[in-house]
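The values are calculated or read from the model by the stated rules, or taken from the named source; none is laboratory data. Predicted model only: the values in this text are computed from it and were never measured. Cβ: placed from backbone, ideal geometry, glycine included. Neighbour counts: every protein chain shown. Ligands, DNA and RNA are excluded from the accessible area calculation, which covers all protein heavy atoms including side chains. Shrake-Rupley method; radii C 1.70, N 1.55, O 1.52, S 1.80 Å.
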Amino acid sequence: MIHGYDYKPTPLFHGDGPLFVGVELEVSVPSQSFGEATETALRHLGRLGYLKEDSSIVDDGFEIVTHPMSYEWAMQRFPWNLLDALEKLGSDADGNGLHVHVSREAFDGPCHLYRWMKFFYRNQPQVVALARRMSSHAAFRADGRARIKHYAKGGKGIRYHAINTQNDTTVEVRVFAGTLNRQRAQAAIGLTVATVEYTRTLTTQDITQRDGWQWPAFADWVSQRPHYAPLVAEMETLLCAC
């Protein structure tokens, strides 16, 4: 029921693209409820996802991996009560990670991918606050920031950077702390998607005359879009809304 680390099935897409996200959530599970937790996760996921082994998980557990979803589909149809069910069985995500893959086809081209990565690195303090962790497995390294243009053109970087560019069809945001809290998980997906959309139309004039690179401009943009409500709520909770 739990696949090996290198298991990678043909993706099943849910919702409308081209912007799809896939989630990897590492969960620690008590030995006495491991079987029940495994069955519970698979029952809730159905065809949406699967479980994998991951040696980085604290203690014993599994990694929940979803097939690609649009943001709207994920918010409305992901089995969010799975998180509550696992928590009731004594599971937690403390010390683990939550990774969000975003499809490369979601970007309009290398310039868009460059703007998106640049925005993440320029706003490291706010991203780290929302991610609720700093980890050597998802580090904002100076060499990673210096090579953003290279990565945007298709270059491959180091897996354990904040943004992993090693995959051919996705880029992976690795910064988020694992969580079984619904709002925090939804906010992680929301931040990934919202920054892609925000940087899609970001112009030189926006940057030079309206502080488009700065977090307050993004926070104002997000606050005007109700579908990012979980992200806005997390930003307000963590005082990084402005």
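Checked against the criterion of being under 17 Å from the mean Cα position of the chain (by Cα) and small (G, A, S), the range 68-86 has at least one qualifying residue. So for the range 21-28 (the condition being touching a Phe, Trp or Tyr at 6+ places or on another chain (Cβ under 7 Å), crowded, with 21+ Cβ neighbours inside 10 Å and in contact (Cβ under 8 Å) with a residue 60 or more places away in the chain), does at least one residue qualify? Yes, because at least one residue in the range 21-28 is touching a Phe, Trp or Tyr at 6+ places or on another chain (Cβ under 7 Å), crowded, with 21+ Cβ neighbours inside 10 Å and in contact (Cβ under 8 Å) with a residue 60 or more places away in the chain. All of (1) surrounded by 15 or more Cβ atoms within 10 Å (Cβ to Cβ); (2) more than 18 Å from I207 (Cβ to Cβ) hold for L113 with one exception: (2). Among residues belonging to the range 152-171 that are among the aliphatic types (A, V, I, L, M) and closer than 21 Å to D108 by Cβ, point out the one that is farthest from the chain's Cα centre (by Cα). Checked the range 152-171; the qualifying residue farthest from the chain's Cα centre (by Cα) is A152. For first residues located in the range 105-122 and within 17 Å of P216 (Cα to Cα), partners that are among the aromatic types (F, W, Y) and crowded, with 17+ Cβ neighbours inside 10 Å and lie 6+ apart or on another chain with Cβ distances below 6 Å form the pairs R122/W213. Can you find even one residue in the range 9-24 that is touching a strand residue (DSSP E or B) at 6+ places or on another chain (Cβ under 7 Å) and at positive phi? Checked against the condition, which is being touching a strand residue (DSSP E or B) at 6+ places or on another chain (Cβ under 7 Å) and at positive phi, the range 9-24 yields at least one hit. Listed by position, the helices (runs of 4 or more DSSP H) inside the range 127-242 whose residues that are closer than 23 Å to M75 by Cα, of a type in the set (A, V, I, L, M) and open to solvent by less than 40 Å² (accessible area, probe 1.4 Å) number at least 1 are 182-200, 215-223, 229-237.
For D84, state whether it is acidic (D, E), surrounded by 15 or more Cβ atoms within 10 Å (Cβ to Cβ) and more than 19 Å from R200 (Cα to Cα). When the stated conditions are applied, D84 does not pass them.
Could we say that Y121 is hydroxyl-bearing (S, T, Y) and in contact with a Gly (Cβ under 7 Å, 6 or more places away or on another chain) here? When the stated conditions are applied, Y121 does not pass them. Residue count for the range 29-59, restricted to those that are touching a residue at least 40 places away in the same chain (Cβ under 8 Å), in a helix (DSSP H, G or I), open to solvent by less than 40 Å² (accessible area, probe 1.4 Å) and not hydroxyl-bearing (S, T, Y): 2.
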